[in-house]
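The structure under discussion appears below in the form of structure tokens.
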Amino acid sequence: MSKLIDAALGIHPKALAVGARRLEVLAANMANADTPGYKARDIDFRSALREAAGARLERTHARHLAGHTETAGELKYRVPNQPSLDGNTVDAELEQTAFAEAAVRYQASLDFLAMRIEGLRKALRGE
């Protein structure tokens, strides 16, 4: 039954989990904007979602290039545009922009998931 529910809801629950994790990381960056030596981090949303969905690259021929093996959901350090003298790499404007984008993606996933659930409810009621 669980596989049926997963298939009905699609990728949206996984997108919510990855989106929530990214929002936490970006919020931590903004909270530590004045902490000396703090290094800003981020998650590559697309590759983390691809990994969460189970998409894996496979070599189908010996002459094909090997796939990228780095864990996509792992935290990566952000390269600063203008590092501060105290070693902090947080750019407040960049973090706020990334947070706003991530929040919009998260809300979109919530909306898509709500539409899927409503569609399932209608199907069960026979509407």
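The values are calculated or read from the model by the stated rules, or taken from the named source; none is laboratory data. This one's a predicted model, so the numbers in the text were calculated from it and none came from an experiment. Positions of Cβ are generated from backbone atoms using ideal geometry, with glycine treated the same way; all protein chains shown enter the neighbour counts.
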Fill in: Qualifying residues in segment 10-33 (those that are surrounded by 14 or more Cβ atoms within 10 Å (Cβ to Cβ) and of a type in the set (D, E, K, R)) - the one modelled with the lowest pLDDT
14
Response to the item:
residue 36 vs (1) in contact with an Asp or Glu (Cβ under 9 Å, 6 or more places away or on another chain); (2) buried (at least 19 other Cβ atoms within 10 Å of the Cβ): all pass except (2)
Practice prompt. Could you tell me whether any residue of segment 37-45 is within 26 Å of residue 6 (Cα to Cα), in a helix (DSSP H, G or I) and at pLDDT below 95?
Written response: yes
Fill in: Some residue of segment 55-68 being modelled with pLDDT of 90 or more, out of contact with any helix residue (DSSP H, G or I) (no Cβ under 7 Å at 6 or more places or on another chain) and more than 16 Å from residue 30 (Cα to Cα)
no
Worksheet item: Which one of these is in contact with a Gly (Cβ under 7 Å, 6 or more places away or on another chain), assigned to a helix (DSSP H, G or I) and modelled with pLDDT under 90: 48, 102, 7?
Response: 48
Discussion item. Among the residues that make up segment 70-78, is at least one of them aliphatic (A, V, I, L, M) and modelled with pLDDT of 90 or more?
Written reply: no
Worksheet, complete the sentence: Reported set for segment 80-99 where residues are in a loop (DSSP other than H, G, I, E, B) and not aliphatic (A, V, I, L, M) is 80, 81, 82, 83, 84, 86, 87, 88, 89, 91
Worksheet, complete the sentence: If we ask which residues in segment 80-91 are surrounded by fewer than 15 Cβ atoms within 10 Å (Cβ to Cβ) and at pLDDT 85 or above, their number turns out to be 3
